[in-house]
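Just below is one structure, and these are the notes that go with it.
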């Protein structure tokens, strides 16, 4: 299998790649975007973050990926202290931001080459690693086309490939399927699932699609106004809050503040 | 296991720096029009401005004005190309591309130096165009290999200097609109308050003082010495090189500190 070509990272992987947050907080002026979030995510767990726009999901993810320094609290990400060893953390995580992060002016292959170099995939293994990752994401055929000609789903899969060549312990995906058509969404998730099973990474993603969260996640956290208001497996949450679906749970906990009279009849 | 010191080392650092520069270079290859269009401006300066000013007598003490101007135009075009690096960083941030660099384990300084290298490659392509154009206009260029090497080196350092300076501005102002304003506001004084297009002897004292602290003046001075046949440096090549290197190191250091602010 081509997968054997995936290299060992030049950075040693820690045994417990769990993520552990204690009172993680981020303030912007008077606004507290993330408010004392404490959380533990196990190695290999698939974890979903749901919540209304502006709830703090993206801010939380930016902190966990070292892009944004926390105002208070501590976090161990992939075995390293987030604030003190950000470079060690970055070597062990993959992050697909909400915005399209693959460079449209480069081909798929060139984007992969850039990432392989940035993540220090050894030179001798680069070609094979890139080929294996592109294959896993179903992009071998289009690798020499400029990314600006890709469909949304293809670009997203490329970004996932770019973020996982170094076999991260944790893969962060910030609303990975936003703006994709149903077929594109399905393919992205099929490939992410395969990848997760292959490299055993924990996958942490945010989404507005409740069915995605329900289908994929071991556990879900519902975030509102910067706090985790509910956490558990999808089945568990539905039982606990007597909700028929996650949509109901969302409406119940994230405050569907539209008065009944305003709803279209 | 935690706390183990792992360092990718110098080789890794170079790979990461090179990765950034290589990606930028590949983009130039996909869009050669980009380079071609940037070559127009220095040609216009040499051909239009240079020809008109050549008729002003006594400006450059008997030497042809076009000879005086050519190194100034090279310095200017390097400045104008480099100063857009901050804008392109903001652009990449708005697109999301910059986030990919920022979450990679590459040290921030490697990212900044990689961008600076990319800017140097553009600067070198400008040098090529200006040499060709100047030769056609009859500028007496020095063809000594050491001199040409010197010009290339000064161009590389100056590109790194002004692109990292531009990156600092980008990290401070953060939006495209503000950068456009501030960029104009800074580029023009750097250019006009220098020895690039007229001799400092014509300037009032206060302006000469500004010229004296403007790194572009040292770049132009070095280029006049190296580019022209029988060219001389007024300030001394050692001082020129020292100022350019020190200013580059300072700007790269500051840009490295500020760079993460762009994706916060």
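Can you compute the helix-only [θ] at 222 nm over chain A? Use -39500 (n - 2.57) per DSSP H run of at least 4 residues, normalise by all residues, nearest 500 deg cm²/dmol.
Values: 9 runs with 93 residues, N = 265.
Helices in chain A give a 222 nm mean residue ellipticity of -10500 deg cm²/dmol.
Could you estimate the translational diffusion coefficient of the stretch B:123-226 from the Stokes-Einstein equation, with Rh from the Kirkwood formula over C-alpha pairs, at 25 °C and 0.890 mPa s, in whole µm²/s?
Reported coefficient: 159 µm²/s.
Once every DSSP H run of n ≥ 4 in chain B is given -39500 (n - 2.57) and the sum is divided by its residues, what mean residue ellipticity at 222 nm do you get, rounded to the nearest 500 deg cm²/dmol? Don't skip to the answer; put the middle values down first.
On the way: 12 runs with 193 residues, N = 264.
Computed ellipticity for chain B at 222 nm equals -24500 deg cm²/dmol.
Averaging the inverse of every distinct alpha carbon separation and then flipping it gives the Kirkwood radius. What is it for the stretch A:120-222, in angstrom units? Before the final figure, lay out the partial values.
Values: mean 1/r = 0.0697 Å⁻¹.
One decimal place: 14.3 Å for the Kirkwood radius.
Where does the Debye-calculated log10 I(q)/I(0) of the stretch A:172-255 sit at q = 0.17, 0.25 Å⁻¹, using only Cα point scatterers of equal weight, no solvent?
With one equal scatterer per Cα and no solvent, log10 I(q)/I(0) is -0.74, -1.30.
If the viscosity is 1.567 mPa s and the temperature 4 °C, what Stokes-Einstein diffusion coefficient in µm²/s follows for the stretch A:54-124 when Rh is the Kirkwood radius over Cα pairs?
On the way: Rh = 13.9 Å.
It comes out at roughly 93 µm²/s.
Which whole-number percent is the relative contact order of chain A (Cα, under 8 Å, 6+ apart)? Intermediate values should be presented prior to the final figure.
Values: 497 pairs, mean separation 67.2, N = 265.
Across chain A, relative contact order equals 25 percent.
Given R₀ = 41 Å, what would the calculated FRET efficiency be for residue B:149 paired with residue B:180, taking r from the Cβ atoms and rounding to 0.05?
Details: r = 36 Å, r/R0 = 0.88.
With a Förster radius of 41 Å, E is 0.70.
Using Cα pairs under 8 angstrom and six or more residues apart, how large is the relative contact order of chain B, in percent?
Numbers: 341 pairs, mean separation 69.9, N = 264.
Result for chain B is 26 percent.
Going highest first, how would you order B:133-145, B:244-256 by mean Cβ packing within 10 Å?
Numbers: B:133-145: 15.5, B:244-256: 18.6.
Packing order, densest peptide first, comes out as B:244-256, B:133-145.
Need the C-alpha centroid separation for the stretch B:203-264 versus the stretch B:151-165, integer Å.
Using only Cα atoms, the two centres lie 9 Å from each other.
List the extent of the Cα atoms of the stretch B:218-264 along each of their three principal axes, largest first, rounded to whole Å.
Computed over the stretch B:218-264, the largest-to-smallest principal extents equal 52, 16, 9 Å.
According to the Cα gyration tensor, what semi-axes, each the square root of 5 times an eigenvalue, does the equivalent ellipsoid of the protein assembly as shown have, listed from largest to smallest in whole Å?
Values: eigenvalues 538, 115, 86 Å².
The equivalent ellipsoid of the protein assembly as shown has semi-axes of 52, 24, 21 Å.
Can you give the average number of partner chain beta-carbon atoms within 10 Å of each beta-carbon in peptide B:26-33, as a whole number? Walk me through the intermediate numbers first.
Values: counts 8, 6, 1, 2, 6, 2, 0, 0.
Taking all residues of B:26-33 together, the mean is 3.
Can you tell me the orientation of helix B:237-258 relative to chain B, as the angle in degrees between its alpha-carbon axis and the longest Cα principal axis, to the nearest 10?
Helix B:237-258 sits at roughly 30 degrees to that axis.
What are the extents of the Cα atoms of the stretch B:1-149 along their three principal axes, in Å, largest first?
The Cα atoms of the stretch B:1-149 stretch 75, 35, 25 Å along their principal axes.
Using Cα pairs closer than 8 Å and at least 6 residues apart in sequence, work out the relative contact order for the stretch A:12-159, in percent. Before the final figure, lay out the partial values.
Values: 193 pairs, mean separation 29.7, N = 148.
Here the relative contact order equals 20 percent.
Express as a percent, rounded to the nearest 5, the fraction of DSSP beta bridges in the protein assembly as shown (both residues included) that run antiparallel. Mind dumping the intermediate values first?
Values: 20 of 37 bridges.
Around 55 percent of the beta bridges assigned by DSSP in the protein assembly as shown are antiparallel ones.
Any idea what angle helix B:9-30 forms with the longest principal axis of chain B, computed on alpha-carbon atoms, 0 to 90 degrees, nearest 10?
Approximately 60 degrees, to the nearest ten.
Tilt of helix A:108-118 relative to the longest C-alpha principal axis of chain A, in degrees (0 to 90, nearest 10)?
Here the helix axis deviates by roughly 90 degrees.
Principal axis lengths of the stretch B:72-152 from Cα atoms, whole Å, largest first?
Projected onto its principal axes, the Cα set of the stretch B:72-152 covers 50, 23, 14 Å.
In bins 5 Å wide, starting from 0, what share of all Cα pairs of the stretch A:2-254 does each bin hold, as a percent?
The distribution over the stretch A:2-254 is 1, 6, 14, 17, 19, 17, 13, 8, 4, 1, 0, 0, given as percents.
At q = 0.10 Å⁻¹, what log₁₀ I(q)/I(0) does a Debye calculation on the Cα points of chain B give, no solvent, two decimals?
Results for chain B at q = 0.10 Å⁻¹ read -0.52.
With both partners inside the stretch A:2-254, how many of the DSSP beta bridges are antiparallel, as a percent to the nearest 5?
Around 55 percent of the beta bridges assigned by DSSP in the stretch A:2-254 are antiparallel ones.
Where a number appears in this text, it was derived from the coordinates with a stated rule and is not lab data. Since this is a predicted model, take the numbers as computed values, not measurements. Reconstructed Cβ throughout: ideal geometry from the backbone, glycine too, with neighbour counts over all protein chains shown.
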